[in-house]
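Following: one structure in structure tokens, then a few remarks.
The values are calculated or read from the model by the stated rules, or taken from the named source; none is laboratory data. Nothing here was measured: the structure is a model prediction, and the numbers come from that model. Heads up, the Cβs are rebuilt from the backbone with ideal geometry, glycines too, and the neighbour counts pull from every protein chain shown. The area values use the complete protein model at the heavy-atom level, side chains included, leaving out ligands, DNA and RNA. Shrake-Rupley method; radii C 1.70, N 1.55, O 1.52, S 1.80 Å.
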Amino acid sequence: MTPHDLRQLETADLVAKVGALREDLFRTRFQHATAQLSDTSTIGKVRRTLARALTILREREAADNAAQEN
């Protein structure tokens with residue numbers, strides 16, 4: 001997913017997406033460890049998408065905190 005797609009999600013949906021990406025990363029790593037993964041680049045792709053989603057969540061958290069302070 002692109003950052004644009006992630007930013008269009010609601011916060012609750014984004015949290016659910018982060019959970020799904022963490023599970024997907026676990027499954028992908030497990031497949032790699034058991035030599036069942038044919039395309040090892042998927043590990044990096046999932047990690048990058050997870051990092052993007054976590055960054056967007058953190059941006060929203062920081063914006064909410066800044067709004068509450070003012």
query: What pairs can you find where one residue is in the stretch 16-41 and touching a residue at least 24 places away in the same chain (Cβ under 8 Å), the other is among the charged types (D, E, K, R), and their Cβ atoms are less than 7 Å apart, with a gap of 6+ or different chains?
result: Leu25/Arg47
- prompt: Of the residues in the stretch 48-70, how many are among the small types (Gly, Ala, Ser) and under 17 Å from Leu25 (Cα atoms)?
  reply: 2
In the stretch 1-15, residue least open to solvent (accessible area, probe 1.4 Å) [restricted to those that are touching a helix residue (DSSP H, G or I) at 6+ places or on another chain (Cβ under 7 Å) and part of a loop (DSSP other than H, G, I, E, B)]: Leu9
task: Output the number of residues of the stretch 16-65 satisfying the condition of being open to solvent by less than 70 Å² (accessible area, probe 1.4 Å) and either in contact with a Ser or Thr (Cβ under 7 Å, 6 or more places away or on another chain) or aliphatic (A, V, I, L, M) (or both).
output: 19
